[in-house]
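The values are calculated or read from the model by the stated rules, or taken from the named source; none is laboratory data. Source: prediction; values computed, not measured. Cβ placement follows ideal geometry from the backbone for every residue including glycine, while neighbour counts extend to all protein chains displayed.
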Amino acid sequence: MAHAPSPSSPQTVLVTGAAGYIGSVLVGLLLDAGYRVRGLDNLMFGGQGLLAYMNRPGFEFVNGDIRDQQTVTAAMAGISAVVHLAAIVGDPACKAEPDLAKTVNGAGARLLADTAIDANIKRFVFASTCSNYGKMPDPTGYVEETTPLNPVSLYAELKVAFEEHLLNLGRPSFEPVCLRFATVYGLSPRPRFDLTVNEFTRELTLGRKLEIYGERFWRPYCHVVDLARACLLAVESPAELVSYQAFNVGDTRENYQKLTLAGLIVEQLPETESLISYVSRDEDPRDYRVRFGKIRKALGFTITRRIPDGIKEIIEALRSGLIVDPDDSRYTNRRSVSTTAT
């Protein structure tokens, strides 16, 4: 793995969606590793996630939209690598506003890539998703990077389309890397409680009844810090290992059914077991268990946190009062108005 730049000549990384759930973690990791960071975000969900970095040497912020050519061109000046996180994130958000999703996740993403190429920026890291796999052809098996993609939502369709665009460019001077993220969880400078692990933990910590649908369908999970670490790794790794490659990001041990997730929360909150009920659902458009051997073997990536760790930190954050109102709309991407989620 490549090493971080020397303090005398730091490289500058552009992070789109810098104020978002993953971006606000990644900015800190990059700064700690010796990079300069330029964050680009339109702040539709606010900028609190970046406040701690505003007085850090090497950090600068651009308030703007990835769909605006002038903004993107200016943001690319002097950049050595791009990590593209900005998007309308998740199936519900894209379904609620499909036209917005298409312009941001489609046209905006292509504008970024085209501008990066024009600016002679080599490394372009794209945050994709394991939702691209849709439903496993074999309900007892696993999917991996060579498995045909089967998007069953607009969110995944747009991710797949941009992956295909990047990986088929064939430009030797351009180094796109597609990271297919597992379902994320855990605490971030920009908290979210519309994610399965975080939402379930919030409900039970607050003593609420929890009704779980489709409890036996599979998903992989990965802590927000580890997904950010994978972005840093993709920036630093040699081109021969990552260029024009897609990697699942997570750990094969971290595939769970919702039923199991609920059980792990109850282990830490045993008094809440009676609050949980299950609603049978015989069919779910998404059901996939994922293997993560490629990123481990090729890049040496391993996770540092597992589901019980994320549950514990959410419980502690809520019980301590650090998060005053976990039902606040700023902690969710499920909005009824137009958003450019990061």
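Of note:
- Selection of region 213-232 for residues being in a strand (DSSP E or B) and under 22 Å from G28 (Cβ atoms) yields Y221, C222, H223.
- Neighbours by Cβ (under 7 Å, 6+ apart or cross-chain): first from region 176-201, without any contact (Cβ under 8 Å) to a residue 40 or more places away in the chain; second surrounded by fewer than 22 Cβ atoms within 10 Å (Cβ to Cβ) and of a type in the set (F, W, Y): E199/F193
- Only one of the numbered conditions (1) modelled with pLDDT under 95; (2) assigned to a helix (DSSP H, G or I); (3) in contact with a Pro (Cβ under 8 Å, 6 or more places away or on another chain) is not met by R330, and that is (3).
- Looking across region 120-164 at every residue that is in a strand (DSSP E or B) and aromatic (F, W, Y), the one that is farthest from N248 (Cα to Cα) is identified as F124.
- Selection from region 45-75 of residues that are surrounded by fewer than 18 Cβ atoms within 10 Å (Cβ to Cβ) and aliphatic (A, V, I, L, M): L51, A52, M54, V62, A74
- When G78 is tested against (1) touching a strand residue (DSSP E or B) at 6+ places or on another chain (Cβ under 7 Å); (2) surrounded by 17 or more Cβ atoms within 10 Å (Cβ to Cβ), only condition (2) is not met.
- Among the residues of region 159-177, at least one is among the aliphatic types (A, V, I, L, M), closer than 25 Å to G293 by Cβ and in contact with a helix residue (DSSP H, G or I) (Cβ under 6 Å, 6 or more places away or on another chain).
- Qualifying residue in region 280-295 (condition: surrounded by fewer than 19 Cβ atoms within 10 Å (Cβ to Cβ) and of a type in the set (V, I, T)): no
- Each residue in region 258-301 was checked for being of a type in the set (S, T, N, Q), modelled with pLDDT of 95 or more and under 22 Å from T140 (Cα atoms), and 1 pass.
- Residue tally, condition farther than 17 Å from E273 by Cα and among the β-branched types (V, I, T), over region 197-256: 6
- Checked against the criterion of being acidic (D, E), more than 11 Å from T16 (Cα to Cα) and out of contact with any His (no Cβ under 9 Å at 6 or more places or on another chain), region 97-107 has at least one qualifying residue.
- Residue that is nearest to Y256 (Cα to Cα) [pool: residues in region 115-147 that are among the hydroxyl-bearing types (S, T, Y) and touching a residue at least 24 places away in the same chain (Cβ under 8 Å)]: Y142
- Selection within region 152-196 - surrounded by 18 or more Cβ atoms within 10 Å (Cβ to Cβ), hydrophobic (A, V, I, L, M, F, W, C) and farther than 30 Å from N120 by Cβ: L154, A156, A182, V184, L187, F193, L195
- Any pair with Cβ under 6 angstrom, 6 or more apart, that starts in region 158-170 at a residue that is more than 15 Å from G134 (Cβ to Cβ) and ends at one that is in a loop (DSSP other than H, G, I, E, B): L167/Y244
- Only residues that are at pLDDT below 90 and crowded, with 17+ Cβ neighbours inside 10 Å were counted in region 128-151, giving 1.
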